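My questions all concern the structure below.
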Amino acid sequence: MDPASVSSVRSGLLAAVEERLAGVLKEELNRWSAHGERAVVPVGEVASLVRAGGKRLRPLFCVSGYLAAGGAPDAPEIVDAAAALELLHTCALLHDDVADGARLRRGLPTAHARHAEEHRAQGWNGEPRRFGESVAVLAGDLALAYADRLMAGLPPEVKPIWDELRIELIVGEYLDVDTAVRGEVTPELARWIAVWKSGSYTVRRPLEIGAAVAGRSDLAPAFETYGEKLGEAFQLRDDLIGVADDSERSGKSAGHGWDAAALRGRMAANGGAAEVERRIEQLTEEACAAVRTSSLDPVWQREFADMAFRAAYRDR
């Protein structure tokens, strides 16, 4: 497959993923609206966050891993897998915003903040904050249920990867919350948070799922190294952006998950901003080396190198 074909075929699959997400959520909105406007609220929150956009990195890496492994471009299984990954990400964002007390997500007020405000405006019983957080947590749970449903029809080789992805994400998220409230983090712990919360979740496991759907689980070692190295670089870049950017530019609350002082402390554990930049450069090169020495077609080796640089050196 030449570079132009890579771009064209992948774009077609990613468009199919968007159609699948829209179709699943439309069907669910119609289903629950029959029971009244209140029953449809959690589905609406999932649909609203999906429609708000985002980088779609997890579907991108999943589809790329599938195509690089020789998968057919018209297989519905990979579309379901990629859509499930985006729904899992939606779950994580809804829960993250509650844990972090975030006010913005993708340039819009977060679900828990909006529903807390509605509670106040309506003068309902109970505590507005707890109501808003309950709505967001339940919507996140619903997004996870939809993701699991899409994954249920995939080859059996995918299930253990999917299970590990969710477990690693939860542990990584917990450690991120834990170190934020303690106000302390070691370089080793910061690295594992980056690996579990970002590396495995964003890059490695989506790549492995794509390869497994294509019947090429033998690519897992190369994708493991590439994914963990790039994922750590991605998280370090996220930390730098979190300190430097304001919420208007990033589309989310500044210092998301960590306030600016805590993020600076986390970077200090890694040797300061200059050292973090050097670490990003080293990790990106190690990620590229992992695919350069793999059995992947040279076109895909170059493509994964390009993807690594775009992810590690983004500005938002």
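Across the stretch 75-90, what is the number of residues that are open to solvent by 10 Å² or more (accessible area, probe 1.4 Å) and either assigned to a loop (DSSP other than H, G, I, E, B) or within 17 Å of Tyr201 (Cβ to Cβ) (or both)?
Residues in the stretch 75-90 being open to solvent by 10 Å² or more (accessible area, probe 1.4 Å) and either assigned to a loop (DSSP other than H, G, I, E, B) or within 17 Å of Tyr201 (Cβ to Cβ) (or both): 2 in total.
Can you name the number of the only condition in (1) of a type in the set (Gly, Ala, Ser); (2) assigned to a loop (DSSP other than H, G, I, E, B); (3) loosely packed, with under 14 Cβ neighbours inside 10 Å that Gly54 fails?
In the conditions (1) of a type in the set (Gly, Ala, Ser); (2) assigned to a loop (DSSP other than H, G, I, E, B); (3) loosely packed, with under 14 Cβ neighbours inside 10 Å, Gly54 misses (3) alone.
Related question: Within the stretch 34-48, take every residue that is free of Cβ contacts under 8 Å to residues at least 12 places away in the same chain and not β-branched (Val, Ile, Thr) and give me the one that is surrounded by the most Cβ atoms within 10 Å (Cβ to Cβ).
If we filter the stretch 34-48 for residues that are free of Cβ contacts under 8 Å to residues at least 12 places away in the same chain, which is where we start, we get 34-40.
When the remaining residues are screened for being not β-branched (Val, Ile, Thr), the result is 34-39.
Details: Ala34: 8, His35: 9, Gly36: 9, Glu37: 9, Arg38: 8, Ala39: 12.
Filtering first and then ranking leaves Ala39.
Among the residues that make up the stretch 181-193, is at least one of them touching a residue at least 60 places away in the same chain (Cβ under 8 Å) and within 16 Å of the chain's Cα centre (by Cα)?
no
Now for a different question. Has the stretch 59-69 got any residue that is within 25 Å of Leu14 (Cβ to Cβ), in contact (Cβ under 8 Å) with a residue 60 or more places away in the chain and surrounded by fewer than 20 Cβ atoms within 10 Å (Cβ to Cβ)?
No: zero hits.
Of all residues being assigned to a helix (DSSP H, G or I) and among the basic types (Lys, Arg) in the stretch 1-51, which is nearest to Tyr66 (Cα to Cα)? Just the residue, please.
In the first step, residues of the stretch 1-51 are kept if they are assigned to a helix (DSSP H, G or I); the result is 3-33, 41-51.
Now restrict to residues that are among the basic types (Lys, Arg): 10, 20, 26, 31, 51.
Values: Arg10: 10, Arg20: 17, Lys26: 27, Arg31: 32, Arg51: 25 Å.
The extreme case among them is Arg10.
Among the residues of the stretch 82-137 satisfying the criterion of being acidic (Asp, Glu) and over 21 Å from the mean Cα position of the chain (by Cα), which is farthest from Leu49 (Cα to Cα)?
By that ranking, first place goes to Glu127.
So, of the residues in the stretch 187-225 that are of a type in the set (S, T, N, Q) and more than 15 Å from Pro160 (Cβ to Cβ), which turns out to be most open to solvent (accessible area, probe 1.4 Å)?
Among those residues, the one meeting the criterion is Thr225.
Moving on. For the stretch 201-233, enumerate the residues that are free of Cβ contacts under 8 Å to residues at least 60 places away in the same chain and hydrophobic (A, V, I, L, M, F, W, C).
Ala212, Ala220
One residue is enough: does the stretch 10-33 have a residue meeting the conditions among the hydroxyl-bearing types (Ser, Thr, Tyr), out of contact with any Lys or Arg (no Cβ under 8 Å at 6 or more places or on another chain), open to solvent by 40 Å² or more (accessible area, probe 1.4 Å) and more than 30 Å from Trp300 (Cβ to Cβ)?
yes
Which ones in the stretch 156-176 are more than 25 Å from Ser48 (Cβ to Cβ) and out of contact with any helix residue (DSSP H, G or I) (no Cβ under 6 Å at 6 or more places or on another chain)?
Pro156, Lys159, Pro160, Asp163, Glu164, Ile167, Tyr174, listed by residue number.
Next question, about the same structure. Just to be sure I understand the filter: pairs with C-beta atoms under 8 Å, separated by 6 or more residues or on different chains, first member in the stretch 273-293 and open to solvent by 30 Å² or more (accessible area, probe 1.4 Å), second member of a type in the set (D, E, K, R) and part of a helix (DSSP H, G or I). Which pairs pass?
What qualifies is Glu286/Lys229.
So that you can scan it fast, the table gives a plain yes or no per residue for (1) basic (Lys, Arg); (2) free of Cβ contacts under 8 Å to residues at least 24 places away in the same chain; (3) open to solvent by less than 30 Å² (accessible area, probe 1.4 Å):
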residue	(1), (2), (3)
Val50	no, no, yes
Asp97	no, no, yes
Leu104	no, no, no
Leu108	no, no, no
Ala113	no, yes, yes
Gly123	no, yes, no
Ser134	no, yes, no
Ala152	no, yes, no
Glu157	no, no, no
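Suppose we filter Arg129, Arg120, Arg114 for residues that are part of a helix (DSSP H, G or I), modelled with pLDDT of 95 or more and in contact with a strand residue (DSSP E or B) (Cβ under 9 Å, 6 or more places away or on another chain); which single one remains?
Being part of a helix (DSSP H, G or I), modelled with pLDDT of 95 or more and in contact with a strand residue (DSSP E or B) (Cβ under 9 Å, 6 or more places away or on another chain) holds for just one of Arg129, Arg120, Arg114, which is Arg114.
From Val171, Val181, which residue is more than 19 Å from Ala220 (Cα to Cα), aliphatic (A, V, I, L, M) and either assigned to a loop (DSSP other than H, G, I, E, B) or open to solvent by 70 Å² or more (accessible area, probe 1.4 Å) (or both)?
Val181 is the lone residue from the list that is more than 19 Å from Ala220 (Cα to Cα), aliphatic (A, V, I, L, M) and either assigned to a loop (DSSP other than H, G, I, E, B) or open to solvent by 70 Å² or more (accessible area, probe 1.4 Å) (or both).
So, one more: Out of Ala261, Ala211, I need the residue that is in a helix (DSSP H, G or I), within 30 Å of Asp148 (Cβ to Cβ) and either out of contact with any helix residue (DSSP H, G or I) (no Cβ under 8 Å at 6 or more places or on another chain) or modelled with pLDDT of 85 or more (or both). Which one?
So the residue among Ala261, Ala211 that is in a helix (DSSP H, G or I), within 30 Å of Asp148 (Cβ to Cβ) and either out of contact with any helix residue (DSSP H, G or I) (no Cβ under 8 Å at 6 or more places or on another chain) or modelled with pLDDT of 85 or more (or both) is Ala211.
The values are calculated or read from the model by the stated rules, or taken from the named source; none is laboratory data. Values in this document were obtained by computation on a predicted structure and should not be read as measured data. Here the Cβ is made from the backbone with ideal geometry for all residues, glycine too, and neighbour counts use every protein chain on show. Areas reflect the complete protein model, heavy atoms only, side chains present, ligands, DNA and RNA absent. Shrake-Rupley method; radii C 1.70, N 1.55, O 1.52, S 1.80 Å.
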